[in-house]
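Read-outs throughout are calculated quantities, based only on the coordinates presented, and are distinct from any laboratory measurement. This structure is a prediction, so every number in the text was calculated from the model and none was measured. A quick note on method: Cβ atoms are made from the backbone with ideal geometry, for glycine too, and the neighbour counts reach across all protein chains shown.
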Amino acid sequence: MLVWIHVVAGSIALLAGAIALSAAKGAPLHRRAGIAFVYAMLVMSGLGAVVAAMISIRVSITAGALTFYLVATALVTVRRPLFLDRRFDMAAMLWAGLVGISAVYWGIVAMFNPKGTLDGYPPAPFFIFGSVALIAATLDIRMLVSGVNGKHRIARHLWRMGFAMYIATSAFFLGQAKLFPEPVLKIALLAIPVVLVMLLTLYWLVRVLVSKNWQRK
């Protein structure tokens with residue numbers, strides 16, 4: 001049952017995320033699709049981490065925990081409930097640090113494993129997820145000290161949502177490649193949506209950080 005809820009939530013997240021990432025930022029379509037993406041991603045990543053913990057797949061635990069954190073902090077960056085204060089930001093920072101340190105440790109364990117893997121996965125994904133989590137935790141510390149405003153606030157929202165979308169897209173198109181029919185079962189073809197997510201995220205980041213209009217907004 002949990003697996004099916006995870007799959008349905010993931011499908012909704014991919015569709016809503018594609019719309020939100022393509023639409024003009026701040027437009028009604030972007031906001032509606034973004035909210036659907038957030039809720040679907042929180043369900044998908046949370047359940048994914050729980051199911052992964054039940055079957056001891058540590059790379060999936062890391063991916064789920066990191067994705068949940070990225071989406072939650074991206075949301076409160078632009079739409080913050082009144083009941084949340086700095087304690088939430090501090091807890092989120094500690095969570096990201098714990099995820100990052102754990103992922104790096106597991107990557108080292110995989111490196112020194114005679115098979116060069118941990119739970120069947122090589123060190124690379126552990127180190128990638130761990131590095132992103134530690135970078136995010138560092139940026140959280142900077143935000144707690146100096147705050148984040150203007151275009152940098154929008155950029156913080158964008159890159160976190162974008163990387164969360166990248167994780168979900170990679171997990172679906174590349175991690176579940178065996179589920180696709182034979183005519184499209186080619187890594188180069190399945191990698192196209194993943195690359196598009198990366199390019200769109202970079203495009204919007206550059207546009208936000210370079211344009212003076214976003215600073216005024």
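Annotations for the structure displayed:
- Note on the stretch 2-216: Rg/Rh from Cα positions, Kirkwood definition for Rh, rounded to two decimals, is 0.97.
- Axial C-alpha extent at least 20 Å, average Kyte-Doolittle at least 0.5 - helices from the chain (DSSP): 2-22, 28-54, 58-78, 86-112, 123-146, 187-210
- For 31, 58, 80, the sequence from fewest to most other C-beta atoms within 10 Å is 80, 31, 58.
- Computing FRET efficiency as 1/(1 + (r/R0)^6) for residue 87 and residue 31, where r is the C-beta to C-beta distance and R0 is 30 Å, gives about 0.65.
- Computed over the chain with a Gaussian network model linking Cα atoms closer than 10 Å, the most mobile of 82, 29, 42 is 82.
- Of the residues 27, 137, 52, the one that moves most in a GNM of the chain with alpha-carbon contacts below 10 Å is 27.
- Cβ crowding within 10 Å ranks 134, 118 as 134, 118, fewest other Cβ atoms first.
- Gain on full extension, evaluated as 0.36 nm per residue between residue 8 and residue 135 minus their Cα-Cα distance, stands at 42.7 nm.
- Extension gain, residue 111 back to residue 149 (0.36 nm per residue minus Cα-Cα distance, nm): 9.6 nm
- Put a dot 7 Å past the Cα of residue 209, heading toward its Cβ, do the same for residue 174, and the two dots end up 2.2 nm apart.
- Among 119, 140, 85, the ranking by other beta carbons within 10 Å of each residue's beta carbon, starting with the fewest, stands as 85, 119, 140.
- Interchain or long-range residues, amide H under 5 Å from residue 113's placed H: none
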